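Worksheet: the structure to be examined is printed underneath.
The values are calculated or read from the model by the stated rules, or taken from the named source; none is laboratory data. Here the structure is a predicted model, which is why all the values come from computation and not from measurement. Ideal geometry is used to build each Cβ from the backbone, glycine not excepted, and the neighbour counts take in all protein chains shown. We work out accessible area using only protein heavy atoms, side chains counted, and drop any ligands, DNA or RNA first. Shrake-Rupley method; radii C 1.70, N 1.55, O 1.52, S 1.80 Å.
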Amino acid sequence: MEQHIETKTDTIHINKNTISTIERDSTLELQKVDLIYTFSDKQIDTLIGFCNCEKNIKNNTLKIQIRTEFPSLSELEKGNRNATEFQMGIPRQYRFLTFYLRDSIVEKTKVFKASTEPQFENKKIDSTSFQNYKIKINRFDYKIAQNVWGNYEL
């Protein structure tokens with residue numbers, strides 16, 4: 001049996017005219033598993049996300065960090081799109097997406113990227129800020145971080 005593997009390349013189009021928003025939506029329901037969906041013209045991939053929060057009650061701030069991992073660039077180029085969580089010996093990369101919230105304001109946003117291979121201009125680590133996002137969150141009172149949930153788009 002002959003196996004045919006086609007390399008897929010995707011171009012990401014960022015609409016710089018998008019207005020970033022954060023809004024309160026009390027109708028949002030708590031999800032049992034945090035899933036991250038990545039979209040291209042050709043396919044949708046689902047990644048598991050692990051969410052951590054750090055709160056400051058006095059200042060009503062919340063730092064939300066979503067972590068995910070997936071195969072390294074060399075593995076993706078080979079066609080390996082399998083999940084890497086809890087698997088040993090597979091080269092992988094990580095993304096840490098962080099939102100810094102104060103009351104109903106997004107103070108800053110960051111993406112921290114890391115890989116077991118040097119793939120970011122010959123480095124294993126990179127970070128950047130991003131400006132285009134849409135956030136829906138169920139409350140702006142961050143006293144009990146476990147009672148805060150929402151969704152986002154980048």
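Based on this model, can you work out whether Glu54 counts as among the acidic types (Asp, Glu), open to solvent by 70 Å² or more (accessible area, probe 1.4 Å) and within 27 Å of Gln146 (Cα to Cα)?
Yes, satisfied.
Count, please, the residues in segment 57-95 that happen to be closer than 22 Å to Val106 by Cβ and in contact (Cβ under 8 Å) with a residue 12 or more places away in the chain.
Restricting attention to segment 57-95, the residues satisfying the condition of being closer than 22 Å to Val106 by Cβ are 57-68, 95.
Those still in the list that are in contact (Cβ under 8 Å) with a residue 12 or more places away in the chain too: 57, 59-68, 95.
So the answer is 12.
Sort out which residues of segment 105-125 are surrounded by 13 or more Cβ atoms within 10 Å (Cβ to Cβ) and hydrophobic (A, V, I, L, M, F, W, C), and write them in order of number.
Once the filter is applied, which keeps residues that are surrounded by 13 or more Cβ atoms within 10 Å (Cβ to Cβ) and hydrophobic (A, V, I, L, M, F, W, C), segment 105-125 yields Val106, Val111, Phe112, Ala114, Phe120.
Before we move on, is Leu154 under 16 Å from Cys51 (Cβ atoms), of a type in the set (A, V, I, L, M) and within 13 Å of the chain's Cα centre (by Cα)?
On the way: under 16 Å from Cys51 (Cβ atoms): yes; of a type in the set (A, V, I, L, M): yes; within 13 Å of the chain's Cα centre (by Cα): yes.
Against the criterion (under 16 Å from Cys51 (Cβ atoms), of a type in the set (A, V, I, L, M) and within 13 Å of the chain's Cα centre (by Cα)), Leu154 qualifies.
Hey, among the residues in segment 80-103 that are surrounded by fewer than 12 Cβ atoms within 10 Å (Cβ to Cβ) and over 19 Å from the mean Cα position of the chain (by Cα), which one's farthest from Ala145 (Cα to Cα)?
Gly89
Name the residues in segment 117-149 that are outside any loop (DSSP other than H, G, I, E, B) and within 30 Å of Glu75 (Cβ to Cβ), would you? Walk me through it before giving the result.
We begin by selecting, within segment 117-149, every residue outside any loop (DSSP other than H, G, I, E, B); these are 120, 123, 125-128, 134-137, 145-147.
Answer for segment 117-149, where residues must be outside any loop (DSSP other than H, G, I, E, B) and within 30 Å of Glu75 (Cβ to Cβ): Phe120, Lys123, Ile125, Asp126, Ser127, Thr128.
Out of all the residues in segment 126-136, is one or more farther than 25 Å from Ile19 by Cβ and either open to solvent by 30 Å² or more (accessible area, probe 1.4 Å) or in contact with a strand residue (DSSP E or B) (Cβ under 8 Å, 6 or more places away or on another chain) (or both)?
Yes, there is a match, as at least one residue in segment 126-136 is farther than 25 Å from Ile19 by Cβ and either open to solvent by 30 Å² or more (accessible area, probe 1.4 Å) or in contact with a strand residue (DSSP E or B) (Cβ under 8 Å, 6 or more places away or on another chain) (or both).
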